[in-house]
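Accompanying notes for the structure given below.
We did not get these values from a lab; they are worked out from the coordinates using the rules stated. The shown structure was predicted, so the numbers you read here are calculated from the model rather than taken from an experiment. With ideal geometry, Cβ positions are generated from the backbone for all residues, glycine too; neighbour counts draw on all protein chains shown.
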Amino acid sequence: MLRFALRRLALMVPVLVGLSILLFAWVRALPGDPARALLGQRATPEGIARVNEVYGFNEPIVQQYLKYVQALLGGDFGRSIKTGQPVLDSFVEKFPGTVELGVTALLLAVVIGVPMGYYAARHQGRFLDTFIVSGSLLGVVTPVFFLAILLKLVFANWLDLLPTSLRQDPRIDATHITNFYVLDGLLTREYDAAWDALVHLVLPSVALATIPLAIIVRITRAAVAEVLNEDYVRTAESKGLAGHVVSRRHVLRNALLPVVTTIGLQAGLLLSGAVLTETVFAWNGIGKFLFEAIGQRDYPVLQGYILFIAIIYALINLVVDMAYGVIDPRVRVS
Amino acid sequence: MGLVGMTAGALLLAGCAESGRDGGEGGDEGGGTFVFAGAAEPELLDPAFASDGETFRVARQMFEGLVGTEPGTPDPAPLLAESWENTEDGLSYTFQLREGVKFHDGTDFNADAVCANFDRWYNFPEGVQSDDFAYYYSKLFRGFAEGPKAGDGIFESCEANGESEVTINLTEPFAGFIAALSLPALSMQSPSALEEYQDDAAANVNTTEYSTAHPTGTGPFQFDSWDRGNRVTLTRFDDYWGEPAKVDTVAVVAIADPKARATAVQNDEVDGADLIGPADIAPLEEAGMQVMPRDPFTVLYLGLNQKQKPLDDIEVRKAIAHAIDKEAVASASLPEGTELATQFMPQSVVGWNPDVTQYEYDPEKARQMLKDAGADGATIEFNYPTDVSRPYMPSPADTFNVLRSQLKEVGLKIKPVADVWSPDYLDKITGSPDHGMHLLGWTGDYNDSDNFVGVFFGTQTDEFGFDNPELFKKLQAARGVPTLEEQTPLYEEINADVMEFLPGVPLAHPAPSLAFGPDVEGYQQSPVNDEVWNTVSVG
Amino acid sequence: MTIPLPPSGAGTDPLLTTADDAPGVSLWRAAWRRLRRNPTAIVGAVIVAAFILVALLAPLLTPYEPGSARWSGQVTPTSVPGPSPEHLLGLDRFGSDLFTQLVYGARQSLVYGVVATAIGLTAGTALGTLAGGAASVGGRIGGWVDNAVMRLVDIMLSVPSLLLAVSIAAVLGQNPYAVMIAIGVAQVPIFARLLRGSMLSQGRSDYVLAAEALGLRKRRIVMGHVLPNSLGPTVVQATLNLAVAIIEVAALSFLGLGQPDPAVAEWGRMLVAAQDRFEAAPQLALLPGGAIAITALGFTLFGEALREALDPRSRR
């Protein structure tokens, strides 16, 4: 297992090097000039020339790349052109927001999705099964941002129940240690702050959870249905084993593999869904910041963030692959 | 006439010792937190290095300049200076300072502090002289002690005459000097705090300790914390010389989407928000929220790039002007309170001319003029930005849409070209000749004519694509005149010339709107955004 | 890497298995037969057919031009005229006929979806064939080519697909082609991986071994047999991806990277534009939003039925 993990990590290296080159080329292929983005409408040609000189954007591109890599090897991801903040610092600051949102969404999807899929498989063809299956289809085909708009309209504008933007009420003077706001509230015993952060999580995480939820329902249903057809399940049932023992020991365990795979894949995709959701809900996370950075042509942020996301994405995939081995010893990781 | 009154006001205020900020309702118990949503985070907390509205919004709560503005107008008024006078030649200004003013760190505000600030600006190291930092100082005072602009500066010296009198000497007359001092970029900062926490020579002044955690001024609020990406928190400064703030705390948050800002106000997630979209105004009012338009100090225009045919033909430009129904443009795409424009500056600015040529809406005439010019059925590129709302242009796509149907009506073919505002659109319009007619505008920073027409037409630009040395010369001359009285006729003439030459069609002066929850009281809106929240109370 | 599945039993419907095993019936013929009997497939097919018909016949369905903004005078920031005899569904926010916009929007979605998916499919198939073919043929060069191609695919996969599409669209600027190319390119790695995977698994099947034993040249086996037999899952994926493409076009529009003209008849653009009038005129958002969802649903249902029909064991 360890050797497998090390090999996979080693394989990541060429991918990351390639990605860093592509990213570097990409940000510079973006039309428009970071200097002008920085100076805005008042930009003068002299001002632009000066900014380009200060940031070294007028040097030959290969030289710029070498400098960038040299800094990277020293652990320096550069500073945001817009805010001047070191890229790594801002990522560390904003990433908990995205994780908090993503984990909540994924939890929602798993906690609701797996039982629903299981139930549907056990009652195939019945009304509730049909209902669950069609509902999950709708979840897959509804654009996230459309759903987000609907949620906002219904729960904020009409029912006046839930907040629509930010991660916490600015009126609450909450202490932040980890930048996971709910966790912070619990750690500092500021329970109202934790509760408020939780309430702020509801709409964005529901919007973000729909697609993974729908997919998890469908995969669980299919996997369970397949296992139920297996001979060993029939044998177990005919042997007179209690229903719940069969479910736990045989059905769930064997159906888990594709479900875990799916959950892992969805965890990675949540990073990308976060761009839309965070933008709609003014959620302070990496997705929103990354999207704004495109508009700002904030080269160091774009390069750094996408690189971090790729690393995290790869690590999630690795963990998922390793989880196979744990769940199903038959799968020899190769 | 407004002009004379204004000019006189600006000078006569010298004798007026009243504070501009004393007009609160009173009687409120106060306390609580006032949460305000802007469109973006401040870039840093030291306003000397900023030029954007969001940074200034926060800075205005903490910092004050020698000069402020008369509430509700763009006109200069006493603030940290109680009065001032200047020599005949316009080269020397003497200020009488308000006494008993303290910085947030407990040090005294006095003549030495004023000179420390002026000397700091003048001695900015080369790294911060560029436009992304000391934009305003560099633009207004034109030079520094060292660096490439050494010797170009119009600042000569600052002399402290005792505790509360200070004289600023200039090397050239600068008629807009007093008005310029109302800019937050030129506000007074604590010399001792600067000494301790600020490093103007830092590799990046955006991230110095002072710029992120120790801004120290004389304003009614002092800095508490800045949770990046989340909020800036300020608390009441109890030793404030003027009317103490009614609320204990203010929090400024960023919500980029105008619709989301409106929803946040309605949902009581924030107490107030700026730049409310025109379409959100009526629903907010119906829901019992307060919507406050500012007096417009903006201009939105349709620029006509003369590098592109047939826009180089003055007859075609005039025909376009006749084809546009400004009334319809405003009602379809601009907020209530918008005024229609006859020239490239709002009425309250020096040199606004009531007698400029006006092009009344007459599609018939426009069609005929186009035919005569041989431009009937010509295809013209129309550039406009997407995904942006500016104070002068709340929903460009709507404005474009109305204009397009009006121009189609008179027989022009319109080729829409849309770009994302930053940086693509700005790049294309201001940095290349590759555009046709286009939407753009301006929000005045302070009451200065050059800040409008000078910015647009002062030199040959890619935006308008014309070379008119005579106009450039006139603007150059008007800028150098020492007093506002002498400037007025010059700018009036310039405005008349511009509207004959028609480098673009001024459309309107849109009124940027604020929205507040039902229990917010005492917010004084200002056309130049000089809004200080010490008078504000929340339910 | 393909997802390892536990050994699965036969399909649930015994009839299907017989059809599959029937001698002399080609893979596609059998699939067609199964497809006709599947109600889900029929619902999907009807939606897809209706969508294509509306797209093709748009000019016959409405007397107006799309994106004309002809009645822009009647629209104000606070009100949008609703249904009337001249305008079946009323006007859109820019003063065009809403029904016309929806109908022509189908056309846009079809073109965008198909072109984007075609780009992804073509490039992905090329890469997948290259890698899968090289790996199947084997040898040092084969392994090297396979490795190089797959690392490229890995790089593309290392960035989440919407982010990849956003990045590409940002480079290409605001025009219709940018969207098609961006979404198409973002799909390339999916197709490439899928095809390579199924080529490799086909390569291990008995008929290939038999052909090899008969002394046929490896390259011929791969191009003549392995590739055609591996295309099934790719075609299914393309159908499913059409749904994704249609949603992603809307998502890019939402992020401001799509069509430049605000009045254009494109569902995503319409949805975005309707946002700030949502309270005054919810139909402006609900109709295009619904249209996107239903169309995507059609392609998804049809695609999945197709997958089941082609491979009855992969019931999902």
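Rounded to a whole number of µm²/s, how large is the Stokes-Einstein D of region C:139-207 at 25 °C and 0.890 mPa s, given Rh as the Kirkwood radius over C-alpha pairs? Result for D is 180 µm²/s. What percentages, rounded to whole numbers, describe P(r) for region C:106-314 computed over all alpha carbon pairs with 10 Å bin width beginning at zero? Reading the bins upward from 0: 9, 29, 29, 19, 9, 4, 1, 0. Among DSSP beta bridges whose residues both lie in chain B, state the antiparallel percentage, nearest 5. Counting DSSP beta bridges with both partners in chain B, the antiparallel share is about 75 percent.
Among B:TRP352, A:TRP158, sorting on how many other beta-carbon atoms sit within 10 Å of each Cβ, with the fewest leading, yields A:TRP158, B:TRP352.
For chain B, the relative contact order works out to 21 percent when only alpha carbon pairs closer than 8 Å and six or more residues apart are counted.
Report the equivalent ellipsoid semi-axes for region B:88-160 in whole Å, largest first, defined as the square roots of five times the eigenvalues of the gyration tensor built from alpha carbon atoms. Semi-axis lengths for region B:88-160 are 25, 17, 9 Å. Once you reduce region B:158-189 and region C:130-189 to the center of their Cα atoms, the two points are 61 Å from each other.
Set the Förster radius R0 to 41 Å, insert the Cβ-Cβ distance between A:ILE172 and B:GLU336 as r into 1/(1 + (r/R0)^6), and round the FRET efficiency to 0.05.
Details: r = 35 Å, r/R0 = 0.84.
Step by step, r from the Cβ atoms, then E = 0.75.
Backbone amide hydrogens, once placed in the peptide plane, bring B:ALA77 within less than 5 Å of B:GLY68, B:THR69, B:GLU70, excluding anything fewer than 5 places away on its chain.
First measure r as the distance between the Cβ atoms of B:GLN460 and C:ILE141, then evaluate 1/(1 + (r/R0)^6) with R0 = 56 Å and state the FRET efficiency to the nearest 0.05. Let's see the in-between values first.
On the way: r = 61 Å, r/R0 = 1.08.
E(calc), rounded to 0.05, equals 0.40.
Note on region B:183-335: Cα-Cα pairs beyond 20 Å make up 70% of the total pair count.
Using only Cα coordinates, the Kirkwood hydrodynamic radius of the protein assembly as shown works out to 32.7 Å. The modelled label-to-label distance between B:ASP434 and A:LEU186, using points 7 Å beyond Cα along the C-beta direction, is 5.4 nm.
The local environment of B:ALA81, defined by Cβ-Cβ distances under 12 Å, has a net charge of -4 under the rule Lys, Arg +1 and Asp, Glu -1. Averaged over the residues of A:21-33, the number of partner chain Cβ atoms lying within 10 Å of the residue Cβ comes to 5. Viscosity 1.567 mPa s, temperature 4 °C: Stokes-Einstein D of chain A from its Kirkwood Cα radius, in µm² per second? Rounded, D is 57 µm²/s.
For chain B, the C-alpha radius of gyration divided by 2.2 N^0.38 Å, with N the number of residues, is 0.98.
How many times 2.2 N^0.38 Å is the alpha carbon radius of gyration of region A:16-73? Each step should come with its number before you reach the end.
Numbers: Rg = 12.9 Å, N = 58, 2.2 N^0.38 = 10.3 Å.
Dividing the Cα radius of gyration by 2.2 N^0.38 Å gives 1.25.
For chain A, adding -39500 (n - 2.57) for each run of n ≥ 4 DSSP H residues and dividing by the number of residues yields -24000 deg cm²/dmol at 222 nm. One Cα centroid belongs to region A:213-292, the other to region B:496-530; the line between them spans 54 Å. Normalised radius of gyration (Cα atoms, divided by 2.2 N^0.38 Å) for region A:131-204: 1.37. Report summary: the helix-based calculation at 222 nm, which adds -39500 (n - 2.57) for every DSSP H run with n ≥ 4 and divides by the residues of chain B, gives -8000 deg cm²/dmol.
Charged neighbours of A:PHE131, selected by a Cβ distance under 14 Å, balance to +2 (K, R count +1; D, E count -1). For the cross-link pairs A:LYS152/A:LYS288; B:LYS307/B:LYS371; B:LYS309/B:LYS408; A:LYS82/B:LYS149, the ones whose C-alpha atoms lie over 23 Å apart are A:LYS82/B:LYS149.
Looking at the protein assembly as shown alone, DSSP beta bridges between its own residues are antiparallel in about 75 percent of cases.
Distance from the Cα centroid of region B:108-128 to that of region A:48-89 is 31 Å (rounded to whole angstrom).
Across the alpha-carbon set of region C:66-124, the Rg to Rh ratio works out to 1.22, Rh being the Kirkwood radius.
Per-residue 3J(HN,Hα) values for region A:310-325, derived from phi via the Karplus relation 6.51 cos²θ - 1.76 cosθ + 1.60 with θ = phi - 60°, read 4, 5, 5, 4, 5, 5, 4, 4, 5, 4, 4, 4, 5, 5, 3, x Hz in sequence order (x marks Gly and Pro). Evaluated at q = 0.11, 0.17, 0.24 Å⁻¹, a Debye calculation over the C-alpha positions of region B:190-272 (equal weights, vacuum) places log10 I(q)/I(0) at -0.42, -0.85, -1.12.
Put simply, the Cα atoms of region C:190-251 extend 52, 16, 14 Å along their principal axes, the longest span coming first.
Residue by residue through A:168-178, how many Cβ atoms from other chains fall within 10 Å of the Cβ on average? Walk me through the numbers before you get to the answer.
Working: counts 3, 7, 18, 12, 2, 6, 2, 0, 2, 0, 0.
That average works out to 5.
Please average, across the residues of C:269-275, the number of beta carbons from any other chain that are within 10 Å of each residue's own beta carbon, and give a whole number. List each step's numbers first, then the result.
Working: counts 1, 0, 4, 6, 4, 1, 10.
Average neighbour count from other chains, rounded to a whole number: 4.
For a straight C-alpha distance cut-off of 29 angstrom, the lysines reachable from B:LYS102 (same-chain residues fewer than eight places away being disregarded) are B:LYS246.
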